[in-house]
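What follows draws every value from the coordinates through simple rules; no lab data is involved. What you are looking at is a predicted structure, and each value in this text was computed from that prediction instead of being measured. Reconstructed Cβ throughout: ideal geometry from the backbone, glycine too, with neighbour counts over all protein chains shown.
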Amino acid sequence: MHRWRQFEEAAPELASAGRAMIYQFGPGLGYIATVRPDGGPRMHPFCPIQYGDGLYGLIADSPKQRDLLRDGRYAFHTFPQAEGDDEFYLTGRVRAVDDAAEVEAVRAKMREDGASSTGDERCFELLIETAMFAKYTARGAWPPAYTIWHAEERP
């Protein structure tokens, strides 16, 4: 799995399209899916924060946080566009961030991006295994053109 910067270096056009989708409304916005204790999926609104070499999230004490601490797998999907159907998607595992300076830097970047923080959230970095961008020629046009990137080759 790779940090955002490694993904960006390996697939710059895909990362640029993804960043534009993440920040299309100002603060980073999307949905993150986690894995419930029974193995089922759980979907949550999510505000990703691209800071330095990583893509992070500040997550309050919640089922979402507990799922990530227990299992670590995630899938992330950006919010739908106001004027189009393009999509950006990531999968991977999170890294719990315990370094106080790193957490405060992520929190400051979140505020700079126009989002708010309660100050008591747990910080996670989203490590990337797979990224996908779907580009549509027009609203409702099917199929889109898919660009898919994998951190490592699969057998």
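When you scan segment 18-30, do you find a residue that is part of a strand (DSSP E or B) and crowded, with 19+ Cβ neighbours inside 10 Å, even just one?
Yes, because at least one residue in segment 18-30 is part of a strand (DSSP E or B) and crowded, with 19+ Cβ neighbours inside 10 Å.
Specify the residue that is surrounded by the most Cβ atoms within 10 Å (Cβ to Cβ); the eligible residues are those in segment 39-97 that are of a type in the set (Lys, Arg) and over 18 Å from GLN6 (Cβ atoms).
Ranking the candidates gives LYS64 first.
Any idea which residue in segment 86-103 is nearest to the chain's Cα centre (by Cα), counting only those that are over 30 Å from GLY140 (Cα atoms) and not aliphatic (A, V, I, L, M)?
ARG93
Which residues, taken from segment 42-65, are out of contact with any Lys or Arg (no Cβ under 8 Å at 6 or more places or on another chain), without any contact (Cβ under 8 Å) to a residue 24 or more places away in the chain and not in a loop (DSSP other than H, G, I, E, B)?
Passing the criteria: MET43, PRO45.
Residue check: is ALA105 touching a residue at least 24 places away in the same chain (Cβ under 8 Å), surrounded by fewer than 16 Cβ atoms within 10 Å (Cβ to Cβ) and not charged (D, E, K, R)?
no
If you check every pair at least six apart or on different chains, which have Cβ atoms under 6 Å apart with a residue in segment 114-127 that is assigned to a loop (DSSP other than H, G, I, E, B) first and a residue that is of a type in the set (D, E, K, R) second?
Listed pairs, sorted by first residue: SER117/ARG107.
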